[in-house]
Amino acid sequence: MRTLLIAAISLAVCACAVPPLRGTGDLGLVVERAAGRVMLVETTGRSVLGRIEGLGDLSHASVVFSRDGRYAYVFGRDGGLSKVDLLRARIEHRVLQAGNSIGGAISQDGRLVAVANYAPGGIRIFDARSLEPLSEVPTGAKVVGIADAPGNRFVFSLFEAGEIWIVDASDPRRPSVRKIGGIGKQPYDGFITPNGRHYIAGLFGEDGLALVDLWNAQGGAQRILGGYGRGEQPLPVYKMPHLRGWAVAGRYIFLPAIGRHEVLVLDSVTWTEAGRITVHGQPVFAVAQPGGQRVWVNFAFPRNDVVQVIDVAAMQVVRELRPGRAVLHLEFTPRGEQVWISSRDDGAVVVYDGASYAELARLPAESPSGIFLTSRGAMTGF
């Protein structure tokens, strides 16, 4: 009898110690850049579940998620690569792999993580499970705009060299490289279309973009939207636009115009300009709401307390919101019913209803910047 009683108590204690089961489909991370940590959130109840410390310099941090959505890979500006367990709210592995990094990507099959480096340049490829280093691709220049492509490839641009490189990591210890030169001056970021076919690099040193068809990469790069600011003096650029946030809505791509208060509209079938939309300031992110009916835009300093909403059919701004000072990022839940917006200087993440624009929640956060939700960002490129 005594043995049975002890066994029953033991089972009760064990049951109490097991955390409640949950999936990861509604989880996400918010970067608290000044504190070197991330905030773990869930979007169903719009609440904060915890915070994960010790992630280093997060002044330009980005995040990608594992194939199953359980782990987040956090890329810090200090060269840190951290694997975070979302269910246990803790760091699983962490390596300092370079002196200055600018993001990363995860391969199509989820087995590899690649980190893009400013110093010493190049990319480094790691095993996604253990963070064991597998190989390095030196470039001699700053790597920007890294994205994953079909076939376990990584595509990126070289800022100083004016090149796009395609790295095939099918054999991750001996990756092969295709180099495409002469793409234009100072590519600063890159983007892959949702079907994984086209990589586009924005050019800071000149008006225009470089387009590579990854199905026919041997054909080199095509220049598109050349001279979009011709004849007009560009405005000072206080914050570089982020092309990872380009909005693809149907056949159109909405992208920030450097040095202008405009969003450019690119036809993804003909690769020609389809229109321009005058907006509140210099756009930083243009993000398509799932479904493609609207595009939400935030702006650079000093006009960065506003978010504008563009109606795709009308090709014009239809709503303006003021979530707070220094809006740095916005991200949608998978079906677009909520949009999460970070206001760094007000110390808040503001959640809006995607249809009515009503404010649903305001979560305190310390200098929040990037917002990354698992179901929206399990892969970085396509």
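The values are calculated or read from the model by the stated rules, or taken from the named source; none is laboratory data. As the structure is a computational prediction, the values presented were derived from the model and not from experiment. Ideal geometry is used to build each Cβ from the backbone, glycine not excepted, and the neighbour counts take in all protein chains shown.
So that you can scan it fast, the table gives a plain yes or no per residue for (1) surrounded by fewer than 19 Cβ atoms within 10 Å (Cβ to Cβ); (2) part of a loop (DSSP other than H, G, I, E, B):
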position: Arg88; (1), (2): yes, yes
position: Glu92; (1), (2): yes, no
position: Ala98; (1), (2): no, yes
position: Ser101; (1), (2): no, no
position: Ala105; (1), (2): no, no
position: Asp109; (1), (2): yes, yes
position: Asn117; (1), (2): no, no
position: Gly121; (1), (2): no, yes
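For the structure I just gave you, tell me whether Asp148 is modelled with pLDDT under 95 and buried (at least 21 other Cβ atoms within 10 Å of the Cβ). Don't jump to the end; show me each part of the working.
Numbers: modelled with pLDDT under 95: no; buried (at least 21 other Cβ atoms within 10 Å of the Cβ): yes.
Spelling it out, it is not the case that Asp148 is modelled with pLDDT under 95 and buried (at least 21 other Cβ atoms within 10 Å of the Cβ).
Residues are listed down the side, and each one gets a yes or a no for (1) under 19 Å from Val63 (Cα atoms); (2) hydrophobic (A, V, I, L, M, F, W, C); (3) in a strand (DSSP E or B):
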{"position": "Pro290", "(1), (2), (3)": "no, no, no"}
{"position": "Ile341", "(1), (2), (3)": "yes, yes, yes"}
{"position": "Ala355", "(1), (2), (3)": "no, yes, no"}
{"position": "Ala361", "(1), (2), (3)": "no, yes, yes"}
Qualifying residues in segment 233-286 (those that are within 22 Å of Val212 (Cα to Cα) and charged (D, E, K, R)) - the one surrounded by the fewest Cβ atoms within 10 Å (Cβ to Cβ):
Arg251
Options Val349, Val306, Val318: the member that is crowded, with 17+ Cβ neighbours inside 10 Å and at pLDDT 95 or above:
Val349
Failed condition for Asn195, given (1) in contact (Cβ under 8 Å) with a residue 40 or more places away in the chain; (2) surrounded by 18 or more Cβ atoms within 10 Å (Cβ to Cβ); (3) under 18 Å from the mean Cα position of the chain (by Cα):
(2)
Name the residue, out of Leu40, Leu29, Leu49, Leu58, that is out of contact with any Lys or Arg (no Cβ under 9 Å at 6 or more places or on another chain), crowded, with 18+ Cβ neighbours inside 10 Å, under 27 Å from Tyr352 (Cβ atoms) and not aromatic (Phe, Trp, Tyr).
Leu29
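Yes or no: segment 264-279 includes at least one residue that is in contact (Cβ under 8 Å) with a residue 60 or more places away in the chain and not hydroxyl-bearing (Ser, Thr, Tyr).
Yes; the residues of segment 264-279 include at least one that is in contact (Cβ under 8 Å) with a residue 60 or more places away in the chain and not hydroxyl-bearing (Ser, Thr, Tyr).
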Output the number of residues of segment 208-263 satisfying the condition of being in a loop (DSSP other than H, G, I, E, B) and among the acidic types (Asp, Glu).
1
Kindly indicate the residue of segment 43-86 that is polar (S, T, N, Q) and closer than 22 Å to Gln108 by Cα and also farthest from the chain's Cα centre (by Cα) among those meeting that condition.
Ser82
Looking at this structure, is Val64 at pLDDT 95 or above and either within 18 Å of Ile125 (Cβ to Cβ) or of a type in the set (S, T, N, Q) (or both)?
yes
Between residues in segment 299-320 that are in a loop (DSSP other than H, G, I, E, B) and residues that are acidic (Asp, Glu), which pairs lie under 8 Å by C-beta distance while being six or more apart or on different chains?
Val306/Glu320
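Looking only at segment 162-178, count every residue that is of a type in the set (A, V, I, L, M) and assigned to a loop (DSSP other than H, G, I, E, B) and tell me the total.
Looking only at segment 162-178, we keep the residues that are of a type in the set (A, V, I, L, M), and these are 164, 166-167, 169, 177.
Still in the running and assigned to a loop (DSSP other than H, G, I, E, B): 169.
Qualifying residue count for the region: 1.
Of all residues being among the hydrophobic types (A, V, I, L, M, F, W, C) and either exposed (fewer than 13 other Cβ atoms within 10 Å of the Cβ) or in contact (Cβ under 8 Å) with a residue 60 or more places away in the chain (or both) in segment 208-232, which is farthest from Gln308 (Cα to Cα)? Just the residue, please.
Pass one, segment 208-232, residues among the hydrophobic types (A, V, I, L, M, F, W, C): 209-212, 214-215, 217, 221, 224-225.
If we keep only those that are either exposed (fewer than 13 other Cβ atoms within 10 Å of the Cβ) or in contact (Cβ under 8 Å) with a residue 60 or more places away in the chain (or both) as well, we get 211, 214-215.
Working: Leu211: 28, Leu214: 33, Trp215: 35 Å.
It comes out as Trp215.
Would you check if Ala161 is of a type in the set (Gly, Ala, Ser) and in contact with a strand residue (DSSP E or B) (Cβ under 8 Å, 6 or more places away or on another chain)?
Numbers: of a type in the set (Gly, Ala, Ser): yes; in contact with a strand residue (DSSP E or B) (Cβ under 8 Å, 6 or more places away or on another chain): no.
No, not satisfied.
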Checking Arg294, Arg244 in turn, the sole residue that is at pLDDT 95 or above and under 21 Å from the mean Cα position of the chain (by Cα) turns out to be Arg294
Among the candidates Leu81, Leu55, Leu29, which residue alone is in a strand (DSSP E or B), among the aliphatic types (A, V, I, L, M) and farther than 17 Å from Ile146 by Cα?
Leu29
